[in-house]
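Written below as structure tokens is the structure these notes are about.
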Amino acid sequence: MNTAAPTVQGVDTRPEALPQDVDWLRDLRATGVAYDEAVARLHALLLRAARFEVGRRRPTLPHLRGDELDDIAHEAADDALMSVLRRLDDFRGESKFTTWAYKFALLEAAVKLRKRAWQGREVPLEPESWTVFASGGLEPGAEVEQRELLAALQRAVAEELTPHQRHVLVALALNGVPIDVLADRLGTTRGALYKTLHDARRKLRSRLEDW
């Protein structure tokens, strides 16, 4: 006898298990009034999440007015809604559906705020200073060794990396540019930049292993 619980796209649908999640999934896959009402409820949830994240980060963006921040929250909620609807099949019931969806809005709001913070700012693709890697208060011998290591690292970056790999490494690892900001400026994706950064670090590790 098959005792497996019935599921909706991998989510347990027994009456006693996750009824709210099942309702969400059913209504968001429906049509007509049920779908429209579910989307409206979901958007309200995502807007609350986006406003929470905007409020949490507001002290870091003193130049933005309240209406600008609310616009960002609405944009984040709109984009998060589209992401959730596209990825309904990814929900596996490991947390409540509302908790799972909430995270989309937090991410969208954080990304939009980081982009707004860098709006109008030049993205540095060349190193401003290598001293960020240096440690202070070292003994003379250790300080000399550190200078030699930094010099070897600079040579490896210049000689082993492609210009694109060098720009990505410098922007992300040295100059602190947020990855979503860099992806937007370079017209690429976060995944592509992570791959570039991984390849660059692998080359540098290989070069410096014998240092």
In the range 58-78, anything in a helix (DSSP H, G or I) and open to solvent by 60 Å² or more (accessible area, probe 1.4 Å) is listed as Arg58, Pro59, Thr60, Asp67, Asp71, His74, Glu75, Asp78
Taking the range 129-151 and the residues there that are of a type in the set (D, E, K, R) and assigned to a helix (DSSP H, G or I), the one that is modelled with the lowest pLDDT would be Glu143
So Val177, is it part of a helix (DSSP H, G or I), among the β-branched types (Val, Ile, Thr) and either over 28 Å from Pro62 (Cα atoms) or at pLDDT 65 or above (or both) | no
Condition set open to solvent by 30 Å² or more (accessible area, probe 1.4 Å) and under 17 Å from Arg114 (Cα atoms), scope the range 152-174, selection modelled with the lowest pLDDT: answer is Ala173
Taking the range 23-38 and keeping residues open to solvent by 30 Å² or more (accessible area, probe 1.4 Å) and free of Cβ contacts under 8 Å to residues at least 60 places away in the same chain leaves Asp23, Arg26, Arg29, Ala30, Thr31, Gly32, Val33, Ala34, Tyr35, Asp36, Glu37
Check on Leu197, modelled with pLDDT of 85 or more, within 24 Å of the chain's Cα centre (by Cα), of a type outside the set (Lys, Arg) and outside the structural domain of Val54 (by TED's automatic domain parsing): yes
Does Leu46 qualify as being under 21 Å from the mean Cα position of the chain (by Cα), at pLDDT 95 or above and surrounded by fewer than 17 Cβ atoms within 10 Å (Cβ to Cβ)?
no
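The values are calculated or read from the model by the stated rules, or taken from the named source; none is laboratory data. Not measured: the values here are computed from a predicted model. Glycine also receives a Cβ, built like all others from the backbone with ideal geometry; neighbour counts cover every protein chain displayed. Surface accessibility is based on the protein's heavy atoms, side chains included, excluding ligands, DNA and RNA. Shrake-Rupley method; radii C 1.70, N 1.55, O 1.52, S 1.80 Å.
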